[in-house]
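Scroll down for the structure; my scribbles are underneath it.
The values are calculated or read from the model by the stated rules, or taken from the named source; none is laboratory data. The shown structure was predicted, so the numbers you read here are calculated from the model rather than taken from an experiment. When we count neighbours, we look across all protein chains shown, and the Cβ atoms used for this are built from the backbone with ideal geometry, even at glycine. Note: accessible area is taken over every heavy atom of the protein model, side chains too, but ligands, DNA and RNA are not part of it. Shrake-Rupley method; radii C 1.70, N 1.55, O 1.52, S 1.80 Å.
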Amino acid sequence: MPSLTITSGALAGQQFSFSESAVIGRGAYCDIRIDDSTVSRRHAEVTCGSDGVWRIHDLGSANGILHRGLPLRGELRIEGSVDLVIGEVAVSVTTTDAQATGQGARGRRTLSRTWSGASICGPGLPRCRRGARQPEH
């Protein structure tokens, strides 16, 4: 099940699950709500396209998204588990099921505040309902 985990600051450890798409921001109507002043009301969106490829793009936020320490321009394909900075909040986005890839949470491939490339979501990977679940503690 795709998820976003906050990895820095007062909100570190909060985890949100999402479906084919999720709007990330601090606004009340976002699928994934990050209550931080550096995050725009509608900051970014993660989508799984009809081609089965996960992508993220900025929704015109004030503070942007960092990818490998540089501002994200356009959309970015996502592979597996990747790290990025939304506003000033570090997060990890995981688009593959750890059991399906044979990797546990500790075996998850991540790079410090970087993206690793592209991921295919498709047969064998669970699809979630629209929207995000409340943080898991």
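Need pairs with beta-carbon distance below 7 Å; first residue farther than 20 Å from Thr47 by Cα and within the range 1-19, second of a type in the set (S, T, N, Q) and surrounded by 15 or more Cβ atoms within 10 Å (Cβ to Cβ); sequence gap 6+ or separate chains.
Taking only residues 6 or more apart or on different chains, the pairs are Thr7/Ser92.
Mind checking which strands (runs of 3 or more DSSP E) fall wholly inside the range 30-124 and carry at least 3 residues that are open to solvent by less than 60 Å² (accessible area, probe 1.4 Å), modelled with pLDDT of 95 or more and within 16 Å of Pro2 (Cα to Cα)?
The qualifying strands (runs of 3 or more DSSP E) are 44-48.
Could you please find all residues in the range 1-29 being of a type in the set (Ser, Thr, Tyr) and in a strand (DSSP E or B)?
Answer for the range 1-29, where residues must be of a type in the set (Ser, Thr, Tyr) and in a strand (DSSP E or B): Ser3, Thr5, Ser17, Ser21.
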